[in-house]
Amino acid sequence: MGSGWHEWPLVLFTVLGQCVAGATIVTGLGWLAARHEPAEQRRIVLTMFFLWVIMGIAFFASVLHLGSPLRAFNSLNRVGASALSNEIASGSVFFAVGGFWWLLSVLGKMPAALGRVWLLVSMVLGLLFVWAMTRVYQIDTVPTWYNGYTTASFFLTVLLTGPLFAALLLKLAKVPFNGKFFAAVSVLGYLLSVAVVVLQTSELGFIHSSVQQANALLPDWGRLQVWRFVLLAAGLGCWICPLLRRVPPRAVGLALGLVLVLVGELIGRGLFYGLHMTVGMAIAG
């Protein structure tokens, strides 16, 4: 029993990867909206550098989970047949396609029409990457993961972290941003996350193996979830409070908010991995 932090490489990989996927969509929309302002688009592209830095950190963490970097290529051996291989492949394609779009845009070598299509493809690939992540944990012998809560929580992390990260990048780029709409999206993600935890908690008491009860896996489940939602509320508050006062959020406040939200989601993802338990047997195919 524990908090699940022993799987910290996977915790970092999934949370950071989902954050980048969400931020790519929102900053991409900002870039598309500034199609008549080349100077603004240029500044957005420059700040999007941080998207790929964070994505690189996420993939580095995933390699550490494999024990040896030399095993990384083995994870691609069963693309199409293995959910793990599909996850790594989809993430690699998203990273490569989005990163190459960014590089060509920075160098000024990306044609305008092609750049719009390429960016839209990158945004879709980010969502496919998150979907592929969810499939890795749909294992019928792990009943605490084999449910809709896993899929919901992964996509809710996109809603909680991505828009806030994008708000910070667009602020650094000094580009006008409809923060109220996307802040409302993150608030909706927060409320849905609370609902998911409440519903999931009520069902854990009915999940058990021959030797183990699911709600006994994490004695600190309730306390840590409270801390998680306090951090999420504080982080989103750094973004929302200035908007309610009709004052533009400052970059420092957005950065602090992003850190708080990421820490909250890292706690939540650690709890997810801490819920691992098996029932019955699986036969390898």
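Only the coordinates and a few stated rules stand behind these numbers; no lab work does. This one's a predicted model, so the numbers in the text were calculated from it and none came from an experiment. All Cβ positions, even for glycine, are placed from backbone atoms using ideal geometry, and neighbour counts span all protein chains on display.
Distance between the modelled labels on Val79 and Leu172, one decimal in nanometres: 3.1 nm (7 Å Cα→Cβ projection). With contacts taken as Cα pairs under 8 Å and at least 6 residues apart, the chain reaches a relative contact order of 28 percent.
Considering only alpha-carbon pairs that sit under 8 angstrom and 6 or more positions apart, the relative contact order computed for the range 130-183 is 24 percent.
Reported value for the chain: 126 Å³ per residue, from the convex hull of its C-alpha atoms.
Just in the range 155-222: which chymotrypsin sites (Phe, Trp or Tyr not before Pro) are loop by DSSP and have at most 16 other Cβ atoms within 10 Å?
For chymotrypsin sites (Phe, Trp or Tyr not before Pro) across the range 155-222 that sit outside H, G, I, E and B with at most 16 neighbouring Cβ atoms in 10 Å, the list reads Phe206.
Pull up the cross-link candidates among the lysines for Lys109, meaning alpha carbon to alpha carbon under 24 Å and not fewer than 8 places away within one chain. By straight Cα distance, Lys109 reaches Lys174.
FRET efficiency for the Thr141 to Phe50 pair, using the beta carbon distance and R₀ = 30 Å, is estimated at 0.15. Extending 7 Å from the Cα toward the beta-carbon at both Val247 and Ala113 defines two label points whose distance is 4.8 nm. Which helices, taking whole DSSP H runs in the chain, have alpha carbons extending 15 angstrom or more along the helix axis plus mean Kyte-Doolittle at least 1.6? Helix filter hits for the chain: 49-65, 112-136, 251-274. Put simply, the amide H of Gln213, placed in the peptide plane, has no neighbours under 5 Å, leaving out anything fewer than 5 places away on its chain. Against the empirical 2.2 N^0.38 Å (N residues), the range 212-285 has a Cα radius of gyration ratio of 1.59. Under a 10 Å cutoff between Cα atoms, tell me which one of Phe49, Phe59, Phe94 has the largest fluctuation in the Gaussian network model of the chain. Comparing Phe49, Phe59, Phe94 in the GNM, the peak value goes to Phe49.
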